[in-house]
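Below is one structure, written out as structure tokens; the observations come after it.
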Amino acid sequence: MLLIQFKQADGQRRIGVLEDDGRKIHVVEGFASTYALAQAAIAGGRSLQELAAAALGGAVLDYAEVAQAGRLLPPLDHSDSAHCYVTGTGLTHLGSADGRDAMHKKISDVDSLTDSMKMFRMGLEGGKPQPGQAGVQPEWFYKGDGSIVCAGEQALTMPHFALDGGEEPEIAALYVIAPDGTPCRLGFAIGNEFSDHVTERQNYLYLAHSKLRVCAVGPALLLGDLPPHVEGMSRIRDISGRVRWEKPFVSGEENMSHTVANLEYHHFKYPLFRRPGDVHIHFFGTATLSCSDGIQVAPGETFEIDVAAFGPPLRNRLAVETLPAPSIRQL
């Protein structure tokens, strides 16, 4: 089941189930948000899919009309953006067969490895432990709170000081923390993690700076488990809509050096991330980037991430912030 959040023409928030290959939105009655549906599922001991299916009403809307009107919302949010953590892990994906072979050749000489390659090797050797056991820690980063999360068809705005605005086509897992502190995974969504790769490449210690950017998630939330093999296409469209770069990408545990359970363990092992009522959006990483092919995305061009299993593509135009950072005032 694919669940989406959106606004009606009158501005009222609604949720719905995508049907007819993503062309139609079957409205869910009685819940104004995915968060409210999740809280009801937690309280009633029911699954999201069961609860949403039972609440389907008679209203059916046209998805394209809602999207073109700019009424899509991220598939999960919190009414107080400070209670939504956006985080992620990197160096988790194996890439294509050719890339994987090249990567293994690079990591064979332990003494010459960079810190990043050492981290990748650690994941290959210890990122998939037996069920119930903890594996090696992944790379981890903080991206922001709920205020940075954009919906499909919204612009991704890079700061005026940014050196680059590049896509990162990824799968994100979405969670709500139950009243007893238990992380509850609602499902998975397409994400454009969006980073400043030029800043990061100056020095890997600039990774934290490069990640403090907006991101996009959606349009839909795939309820249930993540398929072991996820295959999609990442594209850059110019201002006229023409595709000027595209490349397939893969995700899912078959294409990763860590299990989802291991990535989740090393995120939620911290009590800070188990505060009841909070929302978490956690990106799982990628091995496909347009910047690796020498592409620099220009303002006005559009990122498009298309994965059939997740419904309609995630599309976002690149924009640039016009206002400078605020000055500091001494009190």
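The values are calculated or read from the model by the stated rules, or taken from the named source; none is laboratory data. The structure displayed is predicted, hence computed values, not measured ones. Backbone-built Cβ (ideal geometry, glycine too); neighbour counts: all protein chains shown. Ligands, DNA and RNA are excluded from the accessible area calculation, which covers all protein heavy atoms including side chains. Shrake-Rupley method; radii C 1.70, N 1.55, O 1.52, S 1.80 Å.
Points to keep in mind about this one:
- Each of Pro219, Gln202, Gly232 was placed along the dipole of the stretch 196-237 (beta-carbon charges, centred on the mean Cα), and the one lying farthest toward the positive end is Gln202.
- Enclosed volume per residue, in Å³, of the convex hull spanned by Cα atoms of the chain: 165 Å³
- HN-Hα J in Hz across the stretch 197-212 - Karplus 6.51, -1.76, 1.60, θ = phi - 60°, x for Gly and Pro: 6, 5, 4, 4, 6, 5, 6, 4, 6, 8, 3, 4, 5, 5, 8, 6
- Within the shell of other residues whose beta carbon sits under 14 angstrom from the beta carbon of His160, the net charge comes to -2, with Lys and Arg scored +1 and Asp and Glu -1.
- The stretch 174-222 gives an Rg/Rh value of 1.16, both radii derived from C-alpha positions and Rh following Kirkwood.
- Alpha carbon convex hull of the stretch 1-62, volume per residue in cubic angstrom: 73 Å³
- Probe 1.4 Å - accessible area at Tyr204, Å² to nearest ten: 120 Å²
- Here's the picture: charge each Lys and Arg Cβ at +1 and each Asp and Glu Cβ at -1 in the stretch 216-331, and of Val243, Phe310, His282 the one pushed furthest to the positive end of that dipole is His282.
- Using the alpha-carbon positions of the stretch 209-292, Rg (one decimal) and Dmax (whole number) come out as 15.9, 48 Å.
- Pairs exceeding a 26 Å alpha-carbon distance, out of Lys118/Lys269; Lys128/Lys269; Lys247/Lys269; Lys7/Lys211; Lys24/Lys247; Lys7/Lys269: Lys247/Lys269; Lys7/Lys211; Lys24/Lys247; Lys7/Lys269.
- Summed over the residues of the chain and divided among them, the accessible surface reaches 46 Å² per residue at a probe radius of 1.4 Å.
- Averaging 1/r over every pair of different alpha carbons in the stretch 238-331 and inverting the result gives a Kirkwood radius of 17.5 Å.
- Its Cα centre serving as origin, the chain has a Cβ charge dipole (Lys and Arg +1, Asp and Glu -1) of approximately 480 debye.
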